[in-house]
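Only the coordinates and a few stated rules stand behind these numbers; no lab work does. In this text the structure is predicted, and so the values were computed from the model without any measurement. Glycine also receives a Cβ, built like all others from the backbone with ideal geometry; neighbour counts cover every protein chain displayed.
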Amino acid sequence: MKIAVAGTGYVGLSISVLLAQHNQVWPVDIVPEKVALIAERKSPIADQEIEQYLAQRPLDLHPTTDAAAAYTGADIIVVSTPTNYDPQTNYFDTSSVEAVLELAGRYAPGALVVIKSTVPVGYTRSVRRKFGNNNIIFSPEFLREGHALYDNLHPSRIVVGVPEGDEALAQRARTFARLLQEGAIRQDVPTLFPGLTEAEAIKLFANTYLALRVAYFNELDTYAQVRGLNTRDIIDGVCLDPRIGDHYNNPSFGYGGYCLPKDTKQLLANYNDVPQNLIQAIVESNATRMDFIAEQVVRRKPRTVGIYRLTMKAGSDNFRQSSIQGVMRRLRAEGLPLVIYEPMLKEDVFCGDRVERDLEAFKAECDVILANRAAPELADVQQKIYTCDLYSRD
């Protein structure tokens, strides 16, 4: 089966590698450098399993920048292009998705088109009408940055949305789900076939719940810091309740990354006139947490503040919407000089702040060092570190 995958970020590249174990897969990207790396069996993103599979596994991969070559003759086209949240419109920027849908209609009008980009609730129905293409469906992804292929190999569930009453399309959706199951290591993966709009809602509500967990334990930590209490003792006691569980409970500078900030805001926008209090509070809580972290740093009256890593978490090379950048914006507004240590950066300056590549020089220069996640290489300057990391894990 020929499958084209639009976009080679965490979603697109992990899906490409998963499906290329048993199918001919054409990953398409507009960035020639990324395509060239994949052609050399090197990953353009930090993901251990993707790197291993590209280097060691027999994969039927045909990376290209040529959309016509990729889409022509494709049985399935997977759309995994970025959809950033636009605060001016209260809506995801879905222009990249619609560009692919236009090309799919031109080069492969009979192909099953599976949107895996995160979209607003109700979006798939609207583009089916807009493009006059009843072969478009939606299938959410549930991946962690840095562990995207692992999460495809060991999926918690597979969800493929299908419009009610179209049995032929439902059969094609089940075929797509079987392809995902075939590439996975985990057996007996729970597989759901809800309506198109319900599948979109599953994605946004799942990520908003994760953001809620992050915000909850961050606010617990804020309370403990202000009252002089031991945060870890409280969290350990709370999380021994099996209904709560010992996961997603490590305090941080706020939830960040590519998904949670934008997905919570999109869900809030989707509520419109629907009564709610909690969703609004989740979004606002994250800003409050960053305000608190910045205030704690300012109180130390530092001469130079060090920023240890911009990445969201260990094993990731993603800076997008990382929570520490929200803290940095607040510290800049206070006039504090910032120095960044980030090995992934090639530039000497990032958002106006100097980048220091020598870790020892960085540690010597800064009298307060912010670390969203602690690291052994900072152990010798522990007295300088400000972190909320309790468990040394993401």
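Here are the numbers:
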{"item": "Spin-label pair Tyr271/Ala361, simplified geometry with 7 Å Cα→Cβ offset, distance in nm", "result": "4.9"}
{"item": "Most to least packed among 246-253, 355-362 [average Cβ atoms within 10 Å]", "result": "246-253, 355-362"}
{"item": "Cα centroid separation, the range 45-69 to the range 179-212 (Å)", "result": "23"}
{"item": "Tilt relative to the chain, helix 196-227 - C-alpha long axis, 0 to 90 degrees, to 10", "result": "10"}
{"item": "Helical mean residue ellipticity (222 nm; -39500 (n - 2.57) per DSSP H run of 4+; nearest 500) of the chain", "result": "-13500 deg cm²/dmol"}
{"item": "Pairwise FRET efficiency - Ala99 versus Gln52, Cβ, R0 = 30 Å, nearest 0.05", "result": "0.40"}
{"item": "Spin-label proximity, Thr89 to the range 1-39 - amide N less than 20 Å from point 7 Å beyond Cα toward beta carbon", "result": "7"}
{"item": "Lysines with Cα under 25 Å of Lys42, excluding same-chain neighbours fewer than 8 positions away", "result": "Lys2, Lys34, Lys116, Lys313, Lys346"}
{"item": "Helix axis angle, 323-333 relative to the chain longest principal axis, alpha carbon, degrees", "result": "50"}
{"item": "Point-to-point label distance, Cys351-Met1, nm (Cα→Cβ direction, 7 Å offset)", "result": "4.2"}
{"item": "Nearest-0.05 FRET efficiency for Thr304 and Tyr216, computed from C-beta distance (R0 45 Å)", "result": "0.85"}
{"item": "Angle between the chain longest axis and helix 10-19 axis [Cα atoms, degrees, rounded to 10]", "result": "40"}
{"item": "Likely footprinting exposure, Cys239, Cys388, fewest C-beta neighbours within 10 Å first", "result": "Cys239, Cys388"}
{"item": "³J(HN,Hα) computed for each position of the range 77-84 - Karplus, 6.51 cos²θ - 1.76 cosθ + 1.60, integer Hz, glycine/proline x", "result": "10, 9, 9, 9, 8, x, 10, 6"}
{"item": "Ordering of 158-171, 339-352, 22-35 by packing [mean C-beta count within 10 Å, highest first]", "result": "22-35, 158-171, 339-352"}
{"item": "Two-decimal ratio, the chain, of alpha-carbon radius of gyration to 2.2 N^0.38 Å", "result": "1.04"}
{"item": "Label point distance in nm, Asp188-Arg41, each placed 7 Å from Cα along Cα→Cβ", "result": "3.5"}
{"item": "Computed lengthening from Gln171 to Phe131, 0.36 nm per intervening residue step minus Cα-Cα distance", "result": "12.2 nm"}
{"item": "Cβ-based exposure ranking for Ser126, Ser96, Ser43, in which fewest neighbours within 10 Å come first", "result": "Ser126, Ser96, Ser43"}
